[in-house]
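Asker: Pasting in a structure now, in C-alpha cells, and then I'll have a few things to ask.
Every number in this text was worked out from the coordinates using simple rules, so none of it is lab data. Note that the structure is a prediction, hence the values are computed from the model and not measured. Neighbour counts run over all protein chains shown; Cβ positions are idealised from the backbone, glycine included.
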Amino acid sequence: MHELISHRPRDVERVFVARQPRGAAGHAVRMARQQGIPVTNLTPERLAAKVGGRARHQGIAAQVAHVPYAEVDEVCGQASKKRDGMLVLVDRVTDAGNLGAILRTCAAAGVDGVLLSSEGTVGLTPHVAKASAGALERVPVAREARPPRRIEQLRERGFRALVLDAQGGTPWDEVDLLGQTVIVAGGEERGPRPGLLKVCDTKVAIPLERGVESLNVAVATAVLLFEARRQRRGVSPSP
C-alpha cells in the first residue's frame, strides 16, 4: 500500500480502512490524506466483502483506477497553450454510465482534457471504461482534489468558467464559447457543489418544455459541447 500511494497516488481512487490503522497501515492512511485521496472507514465485515473473501487486506485496501490518470497540472497546462483550449470539470457525477457517456462526448467534441473531482465523483472504473467506448484513449482524464481552486487558477490563466445550471440565467445558445473555456458539469441529482457555482463566470441553462425538470447530465454536457464545436467551426485552430 505504501509503495502504491508513494509512486501512483493519482491512480488511487479511495482508501478503505476497517479499524484505527497503526504502523505501516497508519502511515499509508496519513499519506493518502496528504495526497488528497479520500479515506473511508468500514466495518471489518464490509471491508472483507468489498475486497473478496480470499484477499488478505490487513484492515486496509485501495480502489485503483482501471486505467492510469493523467497529471492534472499537465492537462491544464496543455490546454492553456491553445487559444481555444477547452476543459470539462465533472463534479458529483456518481453514475458510471453517465461519466462514460460524458467522456465519449468530450472525445468526439475535441475537448483537451477532463477533470474529475476527487470526492463524490465516480472514477475510471471498468464500467466507465466500457461506457466510454474507447474515449479513454482519446482524451486525458485527471483527478482534481480542489475543484473550486482549480477553476480560480484557470480563470487567472484566461479561461472563462461556465457551469451547467438548470436555474442559470444564460441560455445555452446565447453563450460565447470561443476562446479558452472550462465547462463544469454537475451531478445527477444535486448538480455541482455550491463552491463551484460561486467561482464560475456564467451559469448556463438549457430551457426545457413545461413539465420536464432537467436533462440527464451527459445529455446536457453534450448539448453545450457541440454548441461550442458549432461556434468554433471555421475559426482558425490554435497553433
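Asker: I'd like to compare 211-224, 32-45, 107-120: which one has the highest average count of other Cβ atoms within 10 Å, and what's the full order after that?
Answerer: 107-120, 211-224, 32-45
Asker: Quick one: Karplus J couplings for segment 161-178, per residue in order, coefficients 6.51, -1.76, 1.60, θ = phi - 60°, nearest Hz, x for Gly and Pro?
Answerer: In residue order, the calculated couplings are 9, 10, 10, 6, 8, 4, 9, x, x, 10, x, 4, 9, 10, 8, 7, 10, 7 Hz.
Asker: Next question. Can you work out ³J(HN,Hα) from phi for every residue in segment 103-115, in order, using Karplus 6.51 cos²θ - 1.76 cosθ + 1.60 and θ = phi - 60°, giving whole Hz and x for Gly and Pro?
Answerer: Karplus values, whole Hz, x for Gly and Pro: 5, 5, 5, 4, 5, 5, 8, x, 5, 7, x, 10, 10.
Asker: Now for a separate question. Could you check the spin-label model distance between Asp176 and Arg149? Points 7 Å from the Cα along Cα→Cβ, value in nm.
Answerer: The two pseudo-label positions are separated by 3.1 nm.
Asker: Among Met31, Met86, which comes first, second and so on when ranked by fewest other beta-carbon atoms within 10 Å?
Answerer: Taking fewest neighbouring Cβ atoms as first place, the list is Met31, Met86.
Asker: Just order 77-84, 167-174, 9-16 by mean Cβ neighbour count inside 10 Å, highest at the front, would you?
Answerer: With the highest mean Cβ count within 10 Å placed first, the list reads 9-16, 77-84, 167-174.
Asker: In addition: Below 26 Å, Cα to Cα, which lysines can Lys130 reach? Residues fewer than 8 away in the same chain don't count.
Answerer: Lys50
Asker: I've got another one for you. Run down the lysines and flag those whose C-alpha is under 28 Å from the C-alpha of Lys81, throwing out any fewer than 8 positions away in its chain.
Answerer: Lys198, Lys203
Asker: Just to check I understand the Karplus step: with θ = phi - 60° and J = 6.51 cos²θ - 1.76 cosθ + 1.60, what whole-Hz values come out for segment 25-31, glycine and proline as x?
Answerer: 5, x, 5, 5, 5, 4, 4
Asker: Could you size up the charge dipole of the chain around its Cα centre, putting +1 on the beta carbon of Lys and Arg and -1 on that of Asp and Glu, and report it in debye to the nearest 20?
Answerer: Roughly 720 debye for the chain.
Asker: For the chain, compute Rh as the Kirkwood radius over C-alpha pairs and then the Stokes-Einstein diffusion coefficient at 10 °C and 1.306 mPa s; write the answer in µm²/s, rounded to an integer.
Answerer: For these conditions, the coefficient is 85 µm²/s.
Asker: If I stretch the segment between Asp201 and Phe226 completely, what's the gain in nm (0.36 nm per residue apart, minus their alpha carbon distance), one decimal?
Answerer: Full extension of this stretch gives 7.0 nm more.
Asker: Same structure again: On a straight-distance basis, which aspartates and glutamates could pair with Lys82 in a cross-link, Cα separation under 14 angstrom, same-chain partners fewer than 8 positions away excluded?
Answerer: Partners found: Glu74, Asp112.
Asker: For each of Phe159, Phe226, count neighbouring Cβ atoms within 10 Å of the residue's Cβ, then give the residues from fewest to most.
Answerer: The order, fewest Cβ neighbours first, is Phe226, Phe159.
Asker: A further question on this structure: Find how much the distance from Val39 to Val219 grows on full extension, using 0.36 nm per residue of separation minus their present alpha carbon separation; answer in nm with one decimal.
Answerer: Taking 0.36 nm per residue and subtracting the Cα distance, the gain is 61.7 nm.
Asker: How many nm separate the modelled label positions at Arg8 and Arg83, each set 7 Å beyond the Cα in the direction of the Cβ?
Answerer: My value for the distance between the label points is 4.1 nm.
Asker: Around Leu116, which amide H atoms from residues at least 5 apart in sequence, or from another chain, sit under 5 Å from its own amide H, with H modelled in the peptide plane?
Answerer: Val90, Ala142, Arg143, Glu144
Asker: Please compute the contact order of the chain in relative form: average sequence separation of alpha-carbon pairs under 8 Å and at least six residues apart, divided by the residue count, as a percent.
Answerer: Reported relative contact order: 19 percent.
Asker: Any idea how far apart Arg233 and Glu156 come out in nm if each label point goes 7 Å out from Cα toward Cβ?
Answerer: Spacing of the two 7 Å Cα→Cβ label points: 3.8 nm.
Asker: Counting Lys +1, Arg +1, Asp -1, Glu -1, what net charge surrounds Ala18 among other residues with beta carbon under 9 Å of its beta carbon?
Answerer: It works out to a net charge of +1.
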